[in-house]
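Taking it in order: structure first as structure tokens, then the write-up.
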Amino acid sequence: MRTPFFHLGLVALAATAFLAGCGGMPAPGASRQLMLVANDEKQSWTDAGAVVLAPRGRDSVQVLDIGTDPLAPKLVGTLALDNTIAGPPTNLAITADETLALVANSLNVVEENGVRKQVPDNRLFVIDLKATPPRLIDTLAIGRQPSGLSINKAGTLALVANRADNSVSVLRIAGQKVTLIDTVALGESVAHVRFTPDGRRALAAKFPSHKIALLDVVGEKVTYNKVDLAAGLWPYNVDVTPDGKLALTADNGNSGASDGQIDTVSVIDLEATPPRVIDKVVVGDGPEGLAVSPTGKLAVAVLLRGSNASKSAYFYNRNGSVVALKIDGKKVTRSNEVAVRGLPEGAVFSADGKYLYVGNFIDQDVSILRVDGDTLVDTGKRFGLAGHPAAMRGRVTH
């Protein structure tokens with residue numbers, strides 16, 4: 001099937017998903033900056049930590065403006081598109097010029113003999129952000145279980161990690177036309193793939209073997225030359241500094257879940273020949289979301305902290321948290337930690353690096369944090385969403 005599942009009732013729902021407790025005056029000269037939030041309404045957890053699956057048909061993708069007033073984001077539009085929390089919260093992206101967005105649907109819920117289960121999907125949705133409101137313009141069939149993805153800064157190429165096919169899809173972007181042009185075999189499951197700022201390389205998280213694969217990019221040709229770097233346990237997410245000198249990985253530690261044990265962020269020196277892991281920074285339990293600020297001076301790791309585990313588990317916490325990481329040349333150090341809400345997933349910096357937005361899946365809202373030097377400060381402001389935020393992404397800044 002090459003068309004998305006629509007549920008028109010979501011349009012009415014989105015109209016009510018405005019701001020909850022947000023205020024503040026817009027900054028002088030502020031301009032629009034878009035952020036995508038993908039809401040998954042199929043998966044939840046019992047108090048005992050067991051997964052509960054609901055039928056598909058209520059998921060949504062919201063387009064928000066976080067630039068005009070950073071403390072009071074405005075809803076630009078809502079699309080009724082399938083989405084899932086399964087996988088890193090990077091299965092969507094916006095081009096640098098904010099004209100186009102891509103959203104991958106990793107898994108669908110199906111029912112067999114009265115039992116619901118999740119099965120891999122293969123759809124990639126293409127959204128026209130210039131339209132008012134934004135609209136779906138194409139649906140591509142790519143690899144099975146498309147997950148973390150990346151668009152190059154030039155806006156001409158995209159890569160998508162296909163977890164069930166052990167591959168990376170290569171997509172040409174020409175205006176509003178997106179075309180699948182190649183598939184690169186990686187030999188094992190990959191959770192996320194990220195371009196370097198110059199577009200000449202990409203890094204793919206080989207989740208089961210705890211490695212990061214280096215991909216070479218020449219024009220539209222993407223090649224895997226079997227160069228792998230040893231990250232921490234279960235690297236789920238990867239990001240790169242704006243100068244292209246360092247890459248960071250969120251080493252989840254427990255195959256996509258928290259377990260009460262301390263986990264790391266690996267630091268990769270991309271200037272070295274060959275590139276290599278030069279440090280591991282201890283951050284806490286279950287880093288999943290990861291983002292590097294457009295300033296290049298700060299990064300954040302988003303910790304699950306057992307917030308969707310059994311309430312009787314010794315490592316259960318009602319809320320997750322965000323750890324700030326100071327970047328000084330090739331040295332990355334842990335700064336402070338700020339509590340957010342239940343099961344935080346995606347993290348998006350404002351284009352100027354002054355604010356951080358964190359999606360809280362269980363609480364169906366977004367926490368707004370302020371960057372103060374190399375630390376994070378909770379503004380106390382949050383805004384509600386049309387559903388449970390499984391993934392978030394801003395425009396390509398580096």
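Bear in mind that the values in this text are calculations on the coordinates, not laboratory data. Quick caveat, the model's predicted, so the values are computed rather than measured. Here Cβ is always computed from backbone atoms with ideal geometry, including for glycine, and neighbour counts include all displayed protein chains.
Overview of results
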read-out: Prolate/oblate/rounded call for the stretch 134-222, Cα gyration tensor, a/c under 1.5 rounded; value: oblate
read-out: Among Tyr314, Tyr236, Tyr224: highest mean-square fluctuation, GNM of the chain, C-alpha pairs under 10 Å; value: Tyr314
read-out: Long-range amide H partners of Gly306 with built H, under 5 Å; value: Ser258
read-out: Cβ-based charge dipole, the chain, positive-most Cα from Leu81, Ile173, Thr139; value: Ile173
read-out: Residues whose placed amide H lies under 5 Å from that of Lys211, excluding near-sequence neighbours; value: Lys206, Ala231
read-out: Gaussian network model of the chain, Cα within-10 Å springs - most flexible of Asp374, Asp40, Asp365; value: Asp374
read-out: For the stretch 192-266 and the stretch 382-398, distance of Cα centres in Å; value: 22
read-out: Rg followed by Dmax, in Å, when the stretch 248-288 is reduced to its Cα trace; value: 11.5, 36
read-out: Length-normalised contact order for the chain - Cα pairs under 8 Å, 6+ apart - percent; value: 15
read-out: Taking the stretch 240-398 and dividing mean pair separation by its residue count, relative contact order in percent (alpha carbons under 8 Å, at least six apart); value: 16
read-out: Qualifying lysines (Cα of each under 23 Å from Cα of Lys130; at least 8 residues distant if same chain); value: Lys74, Lys153, Lys177
read-out: Surrounding net charge for Pro70, when Lys and Arg each add one and Asp and Glu each subtract one, Cβ distance under 15 Å; value: +2
read-out: For the chain, built as a Gaussian network whose Cα springs stay under 10 Å, the top-fluctuating residue of Glu288, Glu337, Glu271; value: Glu271
read-out: Taking the stretch 47-177 and dividing mean pair separation by its residue count, relative contact order in percent (alpha carbons under 8 Å, at least six apart); value: 19
read-out: Rg(Cα) / (2.2 N^0.38 Å) computed for the chain, rounded to two decimals; value: 0.89
read-out: Neighbourhood net charge (13 Å Cβ-Cβ; Lys/Arg +1, Asp/Glu -1) for Phe349; value: +3
read-out: Stokes-Einstein diffusion coefficient of the stretch 39-184, Kirkwood radius over Cα pairs, 20 °C, 1.002 mPa s, in µm²/s; value: 133
read-out: Trypsin sites (Lys or Arg not before Pro) within the stretch 62-141: DSSP coil, no more than 12 neighbouring Cβ in 10 Å; value: Lys130
read-out: Cα gyration tensor category, rounded, prolate or oblate, for the stretch 144-185 with a/c compared to 1.5; value: prolate
